[in-house]
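First the structure, in the form of structure tokens, and then the observations on it.
The values are calculated or read from the model by the stated rules, or taken from the named source; none is laboratory data. Please read these numbers as outputs of a predicted model, since none were measured by experiment. Please note: Cβ atoms are built from the backbone with ideal geometry, for glycine as well, and neighbour counts cover all protein chains shown. Accessible surface areas use protein heavy atoms only, side chains included; no ligands, DNA or RNA. Shrake-Rupley method; radii C 1.70, N 1.55, O 1.52, S 1.80 Å.
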Amino acid sequence: MLPERRGVPVGSDLIKAADHNSDYGLRAARRSRRAGRMRLLFWLFSLAALFSICFAIFGFKMFFHGVEDHQSLPSLRDMKDVSIEPYTLEKPKKKPHRARFNPCEVELIDSVDLLNEPKSFWKFVNFSLQYIQTDHTPSHENPITPRFGGHQTLEEREQSFHVSNQTIHCGFIKGPEGSPNTGFDLVNEDKMYMNSCTVVVSSCIFGSSDFLRRPTSKMISEYSKKNVCFVMFVDKETLVKLSKEGSIPDEKGFIGLWRIIVVNNLPYNDMRKTGKVPKFLSHRLFPSARYSIWLDSKMRLHTDPIQIIEYFLWRKKSEFAISNHYTRHCVWDEMDSINLTIQTLINPYQVVRIADVPEGSFIVRAHTPMSNLFSCLWFNEVDRFTSRDQLSFGYTFLKLKRMNPDKPLVLHMFKDCERRAITKLFHHRNP
């Protein structure tokens, strides 16, 4: 039996080792808790600093905004008689639904190969119509600035509505000798081409306002391709734009069926008014032409021109054909639709109450004396007043009819759905 070792318990070394490990673990735990508290304090301090910055920035704005609102608020005395209406949430406004207009059936002839002009067609009012070439000679006391449309007096304007042998204003008027050209200048090569045309389809793009839309070639007969002039008038700006888009004239000046003719020195700053020159004055631009078809640049022709002339002129025995407007049939509605200042037109057009308003994007006409006179009179109204030709159409036609009851213009205003049947409509190019 071993003697007891007093003062040294059994297993004391193990206990010491355990105590040492325990102290080390406690110290590590304390350090971990201290580090956690430091991290927590760091994030709390960061959030407090961020909040202080935000408050400093936005608090001052709210303070000054509140001061301004407080200064603009009415006093209680002022609010005694003020009635407070309950707030109602407004529903978002819907865009107005655009009405759809469909084409209708047009009974065109099947072929133009054996078609001949009716011998009795040209039995319309006949008289001699000449055009003023040079404007009035100015005096030193009354100098004038040359204008493309000239300086027509009110007396001359009134006289021009009489159907008789006369010489009238009709654009292309030159100033006195030595003065600059008044506009719509063409090169001689293009003039020679235009003088050779007997049937014309024409359109224009000025100010790069539209795309070039070619006639549908497969719908045009070989006869028309050989005998009809397809002429597109453009300015230099438009020609550059079309070239960038890949529409480049060939060596003869054609892009598809269109013969591209560049107009220099535009007569008006208003591109809309400049477009009225080829629209109304085709008989001046094409002096040898017997028929012309005007096509707005927003449209593509997909019907043979001879079929169009046969249907709207020969078959109807008319010398001027234009479609009715698809929605408006009153000149006052037309004024309201364009927010026009009525005072600018109410004096000359006050006699026009209810009249047919045309959709002037498509015109078919024979170049008769009466048709040419009406075109000149219509152009003179546009030149003197507004480029919105729908407004002056009814006035010009009614005044011409009333002043010459026995010498009528044989006008055919056809349905707009027929216009849509022979052409394809597009939107103009966005500015």
task = Using the Karplus curve 6.51 cos²θ - 1.76 cosθ + 1.60 with θ = phi - 60°, work out ³J(HN,Hα) for each residue of region 38-51 in order, rounded to whole Hz, and write x for Gly and Pro.
result = 5, 4, 4, 5, 4, 5, 5, 5, 5, 5, 5, 5, 4, 5
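Before anything else, pin down the relative contact order of region 184-320: Cα pairs under 8 Å, at least 6 apart, normalised by residue count, whole percent. Present the calculation step by step, with values, prior to reporting the outcome.
Working: 203 pairs, mean separation 54.4, N = 137.
Reported relative contact order: 40 percent.
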inquiry  = So, for region 131-262, what is the accessible surface per residue at a probe of 1.4 Å, expressed in square angstrom?
reply    = 54 Å²
ask   = For a label point 7 angstrom out from the Cα of ASP185 toward its Cβ, which stretches of region 262-280 have the backbone nitrogen within less than 13 Å?
value = 263-267
remark   = Checked region 144-192 against the a/c 1.5 cut and the a/b vs b/c comparison, axes a ≥ b ≥ c from its Cα gyration tensor; verdict oblate
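Determine the shape class of region 133-259: with a ≥ b ≥ c the square roots of the Cα gyration tensor eigenvalues, call it rounded for a/c under 1.5, and otherwise prolate if a/b is greater than b/c, oblate otherwise. Walk me through the numbers on the way to the answer.
On the way: a/c = 2.74, a/b = 1.81, b/c = 1.51.
Prolate.
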inquiry  = Quick check: with the 1.4 Å probe, what order do ILE144, ILE53 take by accessible area, largest first?
reply    = ILE53, ILE144
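Which net charge results for the neighbourhood of VAL231, defined as the other residues with beta-carbon distances under 10 angstrom from its beta-carbon, given Lys and Arg at +1 and Asp and Glu at -1?
Numbers: positive: ARG259; negative: ASP190.
Around VAL231, the surrounding residues sum to 0.
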ask   = Once the whole set of protein chains is in place, how much accessible area is left on CYS229, using a 1.4 Å probe, in Å² to the nearest 10?
value = 10 Å²
note = Quick calc, PHE385 & THR198: beta-carbon distance into FRET formula, R0 41 Å, rounding 0.05, result 0.75
query = Distance in nm between label sites at VAL240 and ASN102, each 7 Å beyond Cα in the beta-carbon direction?
reply = 4.6 nm
query = Given the pairs LYS276/LYS399; LYS241/LYS298; LYS273/LYS399; LYS279/LYS415; LYS218/LYS424, which are separated by over 18 angstrom at their Cα positions?
reply = LYS276/LYS399; LYS273/LYS399; LYS279/LYS415
query = Hey, with R₀ at 35 Å, roughly what FRET efficiency would LEU425 and ASP113 work out to, going by the Cβ-Cβ distance, to 0.05?
reply = 0.75
request  = Please report, as a whole percent, how much of the solvent-accessible surface of region 160-278 comes from carbon and sulfur atoms (probe radius 1.4 Å).
outcome  = 49 percent
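Once you list every other residue whose beta carbon is under 14 Å from the beta carbon of GLY175, what net charge do they have if Lys and Arg are +1 and Asp and Glu are -1? Could the numbers behind the result be given before it?
Numbers: positive: ARG147, LYS174; negative: ASP135, GLU177, ASP185.
Once all neighbours under 14 Å are counted, the net charge is -1.
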ask   = If the chain between SER128 and LEU50 were fully stretched, how many nm would it gain, using 0.36 nm times the residue separation less the Cα-Cα distance?
value = 18.9 nm
inquiry  = Going by average Cβ density within 10 Å per residue, which order do the peptides 247-255, 285-293 take, highest to lowest?
reply    = 285-293, 247-255
ask   = Looking at the square roots a ≥ b ≥ c of the eigenvalues of the Cα gyration tensor of region 212-275, which shape do they give, rounded for a/c under 1.5, prolate if a/b is larger than b/c, or oblate?
value = prolate
By accessible area with a 1.4 Å probe, ligands and nucleic acids excluded, highest first: order of VAL106, VAL357 = VAL106, VAL357
